[in-house]
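Below is one structure; the comments refer to it alone.
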Amino acid sequence: MTSPTVKLNNGHQMPLVGFGLWKVNNDTCADTVYNAIKSGYRLFDGACDYGNEVESGQGVTRAIKEGIVKREDLFLVSKLWNSFHDHDRVEPICKKQLKDWGIDYFDLYIVHFPVSLKYVDPSERYPPGFTYDGKNVVTGNASIQETWQAMEKVQQKGLAKSIGISNFNSQLIMDLLRYAKIKPATLQIEYHPYLTQEGLVKYAQGQGIAITAYSSFGPQSFLELDMKQAKDTPLLMEHNTVKRIAEKHGKTPAQVLLRWATQRDVAVIPKSNNQGRLAQNLDVTGWNLGKDELDAVSGLNKNLRFNDLVNHGFPLPIFV
């Protein structure tokens, strides 16, 4: 089984279901990617900040060498980190990331956060994280316009087939569209029934920008980070509304949460090391929830954001 695709505004096709590489351990990452490809996954969502791009590429290389897939069968995604927003830093770091993956181009290259941090040389620390010196967060001087124009050059030079944004709000997108020569193909946001962001989704989709959801299971992804807010929030997969709908359809609560997104043309990027759940997470497009069920899940909205940089201890209130 492989995922159906959504057509991006530049004509490229992106799988509606992919595999997210956030928090995939380095020692298991290559095997995880390889096994996910064998299970039918074709989109892999990575990032500089995840620190596992070399291992992700090793999994891809193995699958290609064994003839399981060709490079053109895959949709490989990575992200520009905040420390490399200066115009002259964007292309070099993209090339480094491509080298780490062992590939010639990304299918999609995304601005990870709409915030510029002071440059950290990769030879000193990589990935650099949020701090400049291991302790202090120091902002940079690059504007979003400067960064986006460098991203456009990345696409024009063939280093990425598409470029996109992540964690942007509507106001930032409106501003970006005033000067962009290449419209963002995608917007990646935290999106789950506790944070439905309906206005943002409607606006972006209305501009022809495809939405990708991260943290589709809400607080689940943040428990291992020891986040108090996540610990204090009832798990979506244990919510009676979700469990009732899952039982009716003969699906798992996780499948219901993912189908709630994909049925609204929102792509998802769950991850799992369990072979059974890998298959289940792919099976979230060939069946439908009723309108009343979609509305019931949406009704769980609390405007509750977990991936707020302030929650992680960084004084960068970008979602205020």
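The values are calculated or read from the model by the stated rules, or taken from the named source; none is laboratory data. This one's a predicted model, so the numbers in the text were calculated from it and none came from an experiment. FYI the Cβ positions are ideal-geometry reconstructions off the backbone, even for glycines, and counts take in every protein chain you see. Just so you know, the surface numbers come from the protein's heavy atoms only, side chains and all, with ligands and any DNA or RNA stripped out. Shrake-Rupley method; radii C 1.70, N 1.55, O 1.52, S 1.80 Å.
Carbon and sulfur together cover what percent of the accessible area of the stretch 172-320 at a 1.4 Å probe radius?
48 percent
Applying a DSSP loop filter and a limit of 14 other Cβ atoms within 10 Å to the chymotrypsin sites (Phe, Trp or Tyr not before Pro) in the stretch 216-320 leaves W287, F319. Stokes-Einstein diffusion for the stretch 226-300, with the hydrodynamic radius set to the Kirkwood value over Cα pairs and evaluated at 20 °C in a medium of 1.002 mPa s, equals 164 µm²/s. In loop segments of the stretch 194-303 as defined by DSSP, the trypsin sites (Lys or Arg not before Pro) with at most 15 further C-beta atoms inside 10 Å of their C-beta are K302.
A simple spin-label model places pseudo-atoms 7 Å from Cα toward Cβ; at I318 and S170 they are separated by 2.0 nm. Our analysis of the stretch 130-226 gives Rg over Rh at 1.02, with the two radii drawn from alpha carbon positions and Rh computed by the Kirkwood formula.
222 nm [θ] for the chain, helices only, -39500 (n - 2.57) per DSSP H run of 4+, per residue, to 500? Could you put the intermediate results ahead of the total?
Working: 11 runs with 114 residues, N = 320.
So the calculated ellipticity at 222 nm is -10500 deg cm²/dmol.
Calculated from the alpha-carbon coordinates, the chain shows an Rg and a Dmax of 18.7, 54 Å respectively.
Could you let me know the centre-to-centre spacing of the stretch 13-58 and the stretch 182-207, using Cα atoms, in angstrom? Each part reduced to its Cα centre gives a spacing of 23 Å.
Just in the stretch 38-75: which trypsin sites (Lys or Arg not before Pro) are loop by DSSP and have at most 11 other Cβ atoms within 10 Å? For trypsin sites (Lys or Arg not before Pro) across the stretch 38-75 that sit outside H, G, I, E and B with at most 11 neighbouring Cβ atoms in 10 Å, the list reads K70.
Based on Cα atoms of the stretch 1-148, Rg over Rh with Rh as the Kirkwood radius reads 0.99.
Taking all protein chains into account, the per residue accessible area for the stretch 185-320 stands at 44 Å² (1.4 Å probe).
Spin-label model, D121 to L225: label points 7 Å out along the Cα-to-beta-carbon direction sit 3.1 nm apart.
For the pair D73 and D27, a Förster radius of 30 Å applied to the C-beta separation gives a FRET efficiency near 0.70, rounded to the nearest 0.05.
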